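K.L.:
Take this structure first; my questions come after.
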Amino acid sequence: MLALSLTAGCKAQTPSQGPSDPVLDRRIEVTVRSEFGLPPDYGVAIGARKPSTINGYDTLPITLSHGDKSQVVDFLISTDSKKLGRLESFDLSKDPASAIDIAGRPIRGNPAAKVTIINFDDLECPYCARMHQSLFPSTFARYKDKVRFVYKDFPLPPDMHPWAIHASVDANCLAAQSGEVYWNYVDYLHTHVDEVTGDDRNQAKSFAALDRIARQEAVVSKLDTAKLDACLAKQDETQVNESLKETTALSLDGPPVLFVNGERVNGAVPEEQVWMAIDRALAAAGEQPPAATLPAAPQPSVTAKPGTGNGGAGN
């Protein structure tokens, strides 16, 4: 809906120039309201035509307004005033998804893989846990060395997910020493959310649980525990905040969000939909996607003949 675009990029109303046709303007207004489902309290003001780059069409600026917000949207109108259209252009040289910073992030999979799956993840989010459990092991097992996975921090605010930011910081503390241990920690949290949350949902206890689990992973993997303790105590959110800035630039509403070589996949969708995006990315990179797994053929049932006893053997 065009109405949704009013929340960003407000512009002053563009006044009409030259004579207008009130009957035509009313017909255009009714069409815009109807086709785009504009609520009655939205204003629609028809601007003045100007030349366009499309043969047979003029550019017609139409101002949509609601309260103190307004935005000019350029439509196309045929020179005979019988058709109204909308043409939107996109700058292919400025794709925000292609500029996601993954430098230094732990990689799971083949570091040289041609397909990169970036997941903006919240370690307290149940939908993220569902997506994570879909990616590992089934998606990973399906594509093996053809893909690599990178996670970015997308913890929701503490009023929604009280321990998500702390979990991201702890995970990054482990990542500073070992990518493998980072993934072990992420795997554990995405399958033990209730252990961290606790029955009483006490934030301090959740923080303590996160730190305890991180230390356990560090001891098992023989990391520098003194260095880890200092990092856990500091709780430096700089890296998390940088990742959150990217989520704003990418206009992400909430986790999880995947980018498969730049193609966006919103939410915890069925793994088959993720596979479609991966297959497209592989094909575009000149790689052959794995063959579809066919269901096993049904086996014919064997029915014993009457009077033959078990399995047809006589008594």
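The values are calculated or read from the model by the stated rules, or taken from the named source; none is laboratory data. Everything numeric here is computed off the predicted structure, so don't read it as measured data. Cβ sites come from the backbone with ideal geometry, for glycine too, and all protein chains shown count toward neighbours.
K.L.:
For a quick check of your reading of the model, give me the residue pairs whose first member lies in segment 114-141 and is outside the structural domain of K152 (by TED's automatic domain parsing), whose second is buried (at least 21 other Cβ atoms within 10 Å of the Cβ) and modelled with pLDDT of 95 or more, with beta-carbon atoms closer than 7 Å and at least 6 apart or on different chains.
P.N.:
Pairs found: none.
K.L.:
Return only the number of the condition from (1) under 23 Å from the mean Cα position of the chain (by Cα); (2) in contact (Cβ under 8 Å) with a residue 60 or more places away in the chain; (3) buried (at least 19 other Cβ atoms within 10 Å of the Cβ) that T191 does not satisfy.
P.N.:
Here T191 clears every test but (3).
K.L.:
Please go through segment 96-130 and pick out each residue that is farther than 17 Å from V150 by Cβ, assigned to a loop (DSSP other than H, G, I, E, B) and touching a Gly at 6+ places or on another chain (Cβ under 9 Å).
P.N.:
C125
K.L.:
Let me ask another. Out of curiosity, is I28 over 35 Å from the mean Cα position of the chain (by Cα), surrounded by 11 or more Cβ atoms within 10 Å (Cβ to Cβ) and under 14 Å from I77 (Cα atoms)?
P.N.:
Yes.
K.L.:
Report yes if Y182 is touching a Pro at 6+ places or on another chain (Cβ under 8 Å), assigned by TED's automatic domain parsing to the domain that holds K245, under 23 Å from D279 (Cβ atoms) and among the hydroxyl-bearing types (S, T, Y), otherwise no.
P.N.:
When the stated conditions are applied, Y182 does not pass them.
K.L.:
Residues in segment 254-268: is at least one over 20 Å from D122 (Cβ atoms), under 15 Å from the mean Cα position of the chain (by Cα) and assigned to a loop (DSSP other than H, G, I, E, B)?
P.N.:
Yes, there is a match, as at least one residue in segment 254-268 is over 20 Å from D122 (Cβ atoms), under 15 Å from the mean Cα position of the chain (by Cα) and assigned to a loop (DSSP other than H, G, I, E, B).
K.L.:
Continuing with this model, one more query. For segment 194-205, how many residues are surrounded by 12 or more Cβ atoms within 10 Å (Cβ to Cβ) and under 19 Å from Y127 (Cβ atoms)?
P.N.:
Number of matching residues: 3.
K.L.:
Give the residue, chosen from V73, V30, that is in contact with a Leu (Cβ under 7 Å, 6 or more places away or on another chain) and not basic (K, R). Before the answer, list the steps.
P.N.:
On the way: V30 fails: in contact with a Leu (Cβ under 7 Å, 6 or more places away or on another chain).
The unique qualifying residue is V73.
K.L.:
With respect to the numbered conditions (1) touching a helix residue (DSSP H, G or I) at 6+ places or on another chain (Cβ under 6 Å); (2) at pLDDT 95 or above, which one is the sole condition not fulfilled by A230?
P.N.:
(1)
Conditions tested, residue by residue: (1) among the small types (G, A, S); (2) touching a residue at least 60 places away in the same chain (Cβ under 8 Å); (3) not assigned by TED's automatic domain parsing to the domain that holds V186.
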residue	(1), (2), (3)
A230	yes, no, no
T238	no, no, no
G254	yes, yes, no
G262	yes, yes, no
E271	no, yes, no
V274	no, yes, no
I278	no, yes, no
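K.L.:
Consider only pairs whose beta carbons are under 7 Å apart and that are at least six residues apart or on different chains; among these, list those whose first residue lies in segment 74-88 and is not assigned by TED's automatic domain parsing to the domain that holds R49 and surrounded by fewer than 11 Cβ atoms within 10 Å (Cβ to Cβ) and whose second residue is of a type in the set (V, I, T) and not in a strand (DSSP E or B).
P.N.:
none
K.L.:
Still on this structure, I have one more. Looking only at segment 226-240, count every residue that is surrounded by 13 or more Cβ atoms within 10 Å (Cβ to Cβ) and assigned to a helix (DSSP H, G or I) and tell me the total.
P.N.:
Matching residues across segment 226-240 total 7.
K.L.:
Here's something else I'd like to know. Name the single residue, out of those in segment 141-175 being in a strand (DSSP E or B) and aliphatic (A, V, I, L, M), that is surrounded by the most Cβ atoms within 10 Å (Cβ to Cβ).
P.N.:
V147
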